[in-house]
Amino acid sequence: MRESCGRLFRLAFLLFCCAVGGAGSLTAGGKVGIYGIRMVPYGIDAKEYSRAGWGGGIHVIVPAPTLANIVAGVAGIEFVNLLSGTTYYQDRVTLLRVEQQTSQNYGRLYLGGQLGGHGNGFLRPHAGVNIALVWYAFTIDVVVPNDYNRENEIRQKLKDESKVAFGYDFTLGLDLNFNNAIALDGGVKYVKSFSVPQQLGEGSVTIHPQYFQIYLGIGMSFDMLSNY
């Protein structure tokens, strides 16, 4: 796993350096974009501890003119609310039915490279790979429900903390370029995180969650921004 992460890191960093190094001036194809996200858990590790959620992000894309605007560097940040997950178990001493309710927020700071059209064309498909620093914020409550009156449940906050992990993503998308000024950008990302601690059930476990993101956003070219 470490060897695979190392290769991904080297690839993403190389693509980014090529793009930034070649972009002495910010030309056609470069943009700043904002986008909305629908993130869906994929696999047991993610589905057991989170549900699909909504979020948003912002990214900067810098193409390399010396590489015919086919390679670009990417940097961005995004946040998603993964809503809540509930684990049920029975206390061994009192035999009470107990719930552990976990609400979590998710954020990523990512850096990588993108291959595809970044020039003057209208349809600009692209694919990319990024490495990421991933942030999870957990709020965990222990609840003893009241079957007769839910408002009389017993609730205690078990933990409220943040964790940082590493991850990566693969991206496939399509950019619709309007006169090198405004662009509509959408696509799908496969996102993975490593060694994320989860305080659920009767003990702590470490998971390696995977997600799919569907994103749609709008970008503004560097040239257009410079006119403001």
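None of the figures in this text is laboratory data; all of them are computed from the coordinates on show. This is a predicted model, so every value here is computed, not measured. For neighbour counting, all protein chains shown are included, and Cβ atoms are generated from backbone atoms with ideal geometry for every residue, glycine included.
Structure values in brief
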item	result
Packing-based ranking, highest mean first, of 49-55, 140-146 given that Cβ atoms within 10 Å are counted	49-55, 140-146
Taking D223, D45 and counting other C-beta atoms within 10 Å, the order from fewest to most	D223, D45
Loop-resident sites, the range 121-150, for chymotrypsin sites (Phe, Trp or Tyr not before Pro), counting at most 12 other Cβ within 10 Å (DSSP)	F122, Y148
When the convex hull of its Cα atoms is projected in every direction, mean area for the range 99-228 (nm²)	11.5
Approximate spin-label separation R92-D160, in nm, with each point projected 7 Å along Cα-to-Cβ	3.0
Cα-centre dipole for the range 112-185 with unit charges at Cβ (Lys and Arg positive, Asp and Glu negative), debye to 20	160
